[in-house]
Amino acid sequence: MVSLNQLVAVCLLYVVGLFAVAFAAERAAARGRGDWLLRSPLVYTLSLSIYCTAWTFYGAVGYAARSGLEFVTIYLGPSLVMIGWWWILRRLVRIGRSHRVTSVADLISSRYGKSNLLAILVTIMAVIGVTPYIALQLQSVTLSLSIFASAEPQAPSGGGQINSAQAAFWVAVGLALFTVLFGTRNLNANERHHGVVIAIAVEAVVKLLALLAVGAFVVWGVAGGVEQTLAQIDRSAIGQWQVEGGRWTALTLLAAAAFICLPRMFQVLVVENGDERHLQTASWAFPLYLMLMSLFVVPIAVVGLDLLPEGSNPDLFVLSLPLSQGQNSLAMFAFLGGFSSATSMVIVATLALSTMVSNHIVMPIWLTYGQNTVQQSGDVRHVVILSRRLSILLIISLGYCYYRLSGGGGALAAIGTISFGGVAQFLPVLLGGIFWRGATRTGAICGLTVGFALWVYTMLLPSFGPGAALSASTFQNGLFGLQWLRPEALFGINGLDPTVHAVLWSLSINALVFIAVSLFSFPAPVERLQGAQFVNIFDHSTAARGWSASVAASEDLMIMAQRILGAAEAQGFFRAQAQLQEKHDGLPEPTPRFVQALERELAASVGAATAHAMVAQLVGGASVSVQDLLAVADESAQMLEYSSQLEIKSRALTDTAAKLRSANDKLTQLSHQKDSFLSQISHELRTPMTSIRAFSEILRDAEGLGPEEKTRYASIIHSETIRLTRLLDDLLDLSVLENGEVSLNRQRGVLRDVLDQAVTTARAANTRVIKIDRESAGEDIVLDTDLDRLVQVFINLITNAQKYCVADDPQLSIRAHQRGRRIIVDLIDNGAGIDAASQTLIFEKFSRLPGQGGEGAGLGLAICREIIKRLEGDISYLTDVSGTGFRVELPIAQTDI
Amino acid sequence: MSKLPGSPLFLERRSYRFRRMMDAVRLLPLLVLGFWMVPLLWPVPDPSAGDAVPMSHALRYVFGVWLAGIACCFLLWRRTARQIAQETQG
């Protein structure tokens, strides 16, 4: 038989071994070696196994012996969360890493505007929630010791019971010592505790192997094989599926929630995570671990129920079964496994909680009420470390008190479920915080408070039993005698299982209040910034600027950082930042980016809220509010608008300049035309003048001219005079038209007659024959206009075609039709057309197309345009036809309808 | 998942496969949850009727689903881990 003293000696040896492993790991990490192991996904996965505490090791078998397969829900929930890592854990880990979160309280407070109140609330809740859990570990170690003690042969029968209160006390002291030595050696909670993590990994292996060894012994050593074991299971008292659906669902949900929210799980999942990739490896490896841990639970329970005497505690089957079979070394190994489960849980849980307590409760109080301000020199670190150590003692003593109060007799699983219910209250706020930007601080505070109060009332207080915390009459008749306030039948709904009842009401009302209050409250500026960053963590992992730190001198920041980070680390950090700013000597400039980085660095040691408060002291509270940001945004929006206005204006200017340039070009061109016209007109005037002068001189001076000759010369003079007159008439005509001095002789007529007249006149006046193609059906339109002037326009156009159409077989098509209230007449020939450059000029005065002979003065089209303008119509050059085409538009006769 | 305005509508085969694998990663927990909730349909033992599910069946079922889930998760990890790491760094 194993003596108690031997057992204690083995335990101490084991602890010393753990210390050695932890020290070796820390030394290796300090020298930068052993990264392949310290930062391996294997160690990460094994460190997650602190989920499996003494509850799993001892309690699961007891749970199975009492309620069959229901125990497995506690492991199904976490398995689901891990398999679904992509949904929640990936976000949490990314947020934790990029915001240097130190605990679940830090995450929640940071998300809701770095609120200290919320951090304190969550910390207190976590401490209260985890207390039963720590009591559970104490209870299990004490129980396991007691079973060895009672089996001791030297002890007189019945006197083998050790004093459980005393034993629990010494176990508590030992655990506290262990945690203080292990966990508070370095300050930076965000930095990974390599020693602790490695020790936990070793313990994870030990407890798994121990449980598997006991399981294998039971299945193959006692029951005689897998088939026999299964047959024995079916024959046993728990041989049938008897899980209530409500409990199955509620417990799976509860375990999943607790897995995310438990402070120690958050510590190993998020804070100690060194590489996001490890999460995916753990997504299959950790469920595998859980499955192996639960694999032999039912066989052990069944065989224990079968072999051990009636009334033995099923929570201790893992130990008592090997002992009863005389397997002392196996029992010893199992004890070590249970011891490992309990110690690793207590270490990490108290570490996580003490970080929360010191960061969120002690430090803010110290900062507020101490006469210290952060500018003073001197190390703050001893304050932080001391407060952490005291917190560890406080938390473990709370657990001890709970153990004493609850009498140490409850089933382990029942105690664990209570703890789960407490921390699961964080779930709505946590998930709301990372998925919903609308979640507000007020909503979070209200939801947490209501949910936690319900949990205390329906789960925690009843756990002490009737008459202890709540009077028996409260159980029977409800609080203040109100029936609907009975702790196990809220709102008069009877018949629910107490656990399902508590989980259902506390979580659902918690979520409801949280959402409802969030919907109707308005978040503070910092909250909105943080909310946006948390929810959109994958869009931008960098934080928005928080400080305008021109006021803060780098020296002050340096002094503060030294006190918290330690001189060497702070100097290293400042040097690195200075180099980032490309300053190779001296302190970095207190740019917002730098102050932000410093705040994050400090947050890793003392939590986001405290770090924020400390930096705020130095920077003078010059944290940029959203209003400021909005103002900046407004300003930049205005600038944007202004610059876009400028752009529009400059574009308008460019347009105007282009118009001016083209107008100038046109003017220049016109001026050239005028010049060329003047020379042309002087030539035109000169030619007839010369012949008139010559022939009149002949008539005057020459003697002996015959009458025919005189007549001939006189008629030449006459025709030249006519030509001159016509030229001058044209000029006069144009001048009159342009000055608007023309009087119109309005008549009614049909378009066909007008065109007939124009064609006839044009043909008579010109020798060149052009084929004219008309469609008389369309020309049957009544006009009310100055018909003579219109004829003049058409004559001009037809004559132009006659003169300038270069086709071999010149042809002019005239098409008329009515469109709306306009008459449209198109005159299109089959010539070469007019090139684009000249198109804008043809209606100008004196314009003559280059390269074309002809005797015109370039006034015809100008006159046409003036006439048509007078007739309230329009004349334009048709660009989209093959030859030269003109379109004349006229209004139809008003009275025609 | 931010949808960039310039992101292509169709992907090359490799990226397509990766995205479908990521869909599987997302859906797997729901599937496993569905299977684990199947026991809710099993009859609760009634002293009068003897048609309860034997514990050995229940054990095989729950642990079978567990093992299958772990296996799927492992295979998905094998197929996606490298690319996820690349995307995370990139």
(message) Among A:Leu107, A:Val16, A:Val72, which residue has its Cα furthest toward the positive end of the charge dipole of segment A:14-130, with +1 on Lys/Arg Cβ and -1 on Asp/Glu Cβ?
(response) A:Leu107
(message) Starting from the 7 Å offset along Cα-to-Cβ, what nm value, one decimal, do you get for the label separation of A:Glu244 and A:Thr368?
(response) 4.4
(message) Using only Cα atoms and rounding to the nearest 10 degrees, what angle (0 to 90) does helix A:412-423 make with the longest principal axis of chain A?
(response) 30
(message) Tell me the angle of helix A:751-765 to the major Cα principal axis of chain A, expressed in degrees between 0 and 90 and rounded to the nearest ten.
(response) 50
(request) May I ask you to evaluate 6.51 cos²θ - 1.76 cosθ + 1.60, the Karplus curve with θ = phi - 60°, for each residue of segment A:22-36 and list the ³J(HN,Hα) values in order in whole Hz, giving x for glycine and proline? (result) 4, 4, 4, 5, 5, 5, 4, 5, 5, 8, x, 10, x, 4, 4
(request) Please tell me which of these pairs span more than 21 angstrom C-alpha to C-alpha: A:Lys771/A:Lys845; A:Lys674/A:Lys803; A:Lys845/A:Lys869; A:Lys803/A:Lys845? (result) A:Lys771/A:Lys845; A:Lys674/A:Lys803
(request) For A:Ile823, enumerate residues with amide H under 5 Å from its amide H, sequence gap 5+ or separate chain, H modeled in the peptide plane. (result) A:Leu890, A:Ile892
(request) Compute the relative contact order of chain A as a whole-number percentage, counting only Cα pairs closer than 8 Å that sit 6 or more residues apart in sequence. (result) 14
(request) Calculate, for A:Asp780 and B:Arg78, the FRET efficiency according to 1/(1 + (r/R0)^6) with r their C-beta to C-beta distance and R0 60 Å; round to the nearest 0.05. (result) 0.10
(message) I'd like to know which of A:Gly221, A:Trp241, A:Gln579 lies farthest towards the positive end of the charge dipole of chain A, counting +1 on Cβ of Lys and Arg and -1 on Cβ of Asp and Glu.
(response) A:Gly221
(request) Quantify how strongly other chains surround peptide A:293-303 by giving the mean number of their Cβ atoms within 10 Å of each of its Cβ atoms. (result) 1
(message) Sort A:Val423, A:Val769 by Cβ crowding within 10 Å, fewest neighbours at the top.
(response) A:Val769, A:Val423
(message) I need the peptides A:85-91, A:286-292, A:425-431, A:698-704 ranked by packing, meaning the mean over residues of other C-beta atoms within 10 angstrom, with the highest value on top.
(response) A:425-431, A:286-292, A:85-91, A:698-704
(request) State the answer as a single residue: which of A:Gly831, A:Ala702, A:Val791 lies farthest towards the positive end of the charge dipole of chain A, with beta carbon charges of +1 for Lys and Arg and -1 for Asp and Glu, about the Cα centre. (result) A:Gly831
(request) Please report, in debye to the nearest 20, how large the charge dipole of chain A is about its Cα centre when each Lys and Arg carries +1 at its beta carbon and each Asp and Glu carries -1 there. (result) 2620
(request) Classify segment A:743-896 as rounded, prolate or oblate, taking a ≥ b ≥ c as the square roots of the eigenvalues of its Cα gyration tensor: rounded when a/c is under 1.5, otherwise prolate if a/b is larger than b/c and oblate if not. (result) prolate
(request) Report the label-to-label distance for B:Ser15 and A:Ala216 in nanometres (one decimal), using points 7 Å from each Cα along the Cα→Cβ vector. (result) 5.0
(request) Would you give the gap between the C-alpha center of segment A:782-830 and the C-alpha center of segment A:385-441, rounded to a whole Å? (result) 100
(message) I want the local charge near A:Pro523. Using Cβ-Cβ distances under 10 Å, sum +1 for each Lys or Arg and -1 for each Asp or Glu among the other residues.
(response) +2
(request) With +1 on each Lys and Arg Cβ and -1 on each Asp and Glu Cβ, and nothing else charged, work out how big the dipole of segment A:743-896 is about its Cα centre, in Debye to the nearest 20. (result) 280
(message) Quick check on the exposure proxy: order A:Cys261, A:Cys805, B:Cys72 from fewest to most C-beta atoms within 10 angstrom.
(response) B:Cys72, A:Cys805, A:Cys261
(request) Apply the Karplus parameterisation 6.51 cos²θ - 1.76 cosθ + 1.60, with θ equal to phi minus 60°, to every residue of segment A:639-645 and state each ³J(HN,Hα) to the nearest whole Hz, in sequence, with x for glycine and proline. (result) 4, 4, 5, 4, 5, 6, 5
(message) What is the angle, in °, between the Cα long axis of helix A:116-151 and the longest principal axis of the Cα atoms in chain A? Nearest 10 is fine, range 0 to 90.
(response) 30
(message) Quick check: pseudo-label points 7 Å beyond the Cα along Cα→Cβ at A:Ser644 and A:Asp665, how many nm apart are they?
(response) 3.2
(message) In whole Hz and in residue order, list the ³J(HN,Hα) couplings for segment A:387-394 that follow from phi through the Karplus curve 6.51 cos²θ - 1.76 cosθ + 1.60, θ = phi - 60°; x for Gly and Pro.
(response) 5, 5, 5, 5, 4, 4, 4, 4
(request) Be a star and scan segment A:704-741 for residues whose amide nitrogen sits under 15 Å from the point 7 Å along the Cα-to-Cβ vector of A:Ile698. (result) A:704-721
(message) Based on C-alpha coordinates, I'd like the Rg and Dmax of chain A, in Å.
(response) 51.2, 183
(request) Could you line up A:Met125, A:Met639 from fewest to most neighbouring Cβ atoms inside 10 Å? (result) A:Met639, A:Met125
(message) Quick query: amide H of A:Asp786 versus all other amide H atoms, modeled in the peptide plane; which residues come in under 5 Å with a sequence gap of 5 or more or a different chain?
(response) A:Gln747
(request) Per residue of A:268-280, count partner chain C-beta atoms within 10 Å of its C-beta, then hand back the mean as an integer. (result) 2
(request) Name the shape class, rounded, prolate or oblate, that the alpha-carbon gyration tensor gives for segment A:754-799, where a ≥ b ≥ c are the square roots of its eigenvalues, rounded holds for a/c under 1.5, and otherwise prolate holds if a/b is larger than b/c and oblate otherwise. (result) oblate
(request) May I ask for the net charge around A:Ser776, where only other residues with Cβ less than 13 Å from the Cβ of A:Ser776 are counted and Lys, Arg are +1 while Asp, Glu are -1? (result) -3
(message) So, R0 is 22 Å and r is the distance between the beta-carbons of B:Gln86 and A:Asn536; what FRET efficiency does that work out to, to 0.05?
(response) 0.55
(request) Would you work out the charge dipole size for segment A:627-737 about its Cα centre, treating the Cβ of every Lys and Arg as +1 and the Cβ of every Asp and Glu as -1, and quote it to the nearest 20 debye? (result) 520
(message) For a Förster distance of 35 Å, can you work out the FRET efficiency between the beta-carbons of A:Glu741 and A:Thr654, rounded to the nearest 0.05?
(response) 0.30
(message) Which residues among segment A:771-786 fall inside the zone where the amide N is under 18 Å from a point 7 Å beyond the Cα of A:Asp753, along Cα→Cβ?
(response) A:776-786
(request) Determine the shielding of peptide A:229-236 by partner chains: average, over its residues, the number of Cβ atoms on other chains within 10 angstrom of each Cβ. (result) 3
(message) Within 13 Å, Cβ to Cβ, of A:Ala413, how many net charges do the neighbouring residues add up to if Lys/Arg are +1 and Asp/Glu are -1?
(response) 0
(request) Amide H neighbours of A:Gln811 under 5 Å, at least 5 residues apart or on other chains, H built in the peptide plane: list them. (result) A:Lys771, A:Asn830
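Bear in mind that the values in this text are calculations on the coordinates, not laboratory data. Predicted model, so just to flag it, every value in this text is computed and none were measured. A quick note on method: Cβ atoms are made from the backbone with ideal geometry, for glycine too, and the neighbour counts reach across all protein chains shown.
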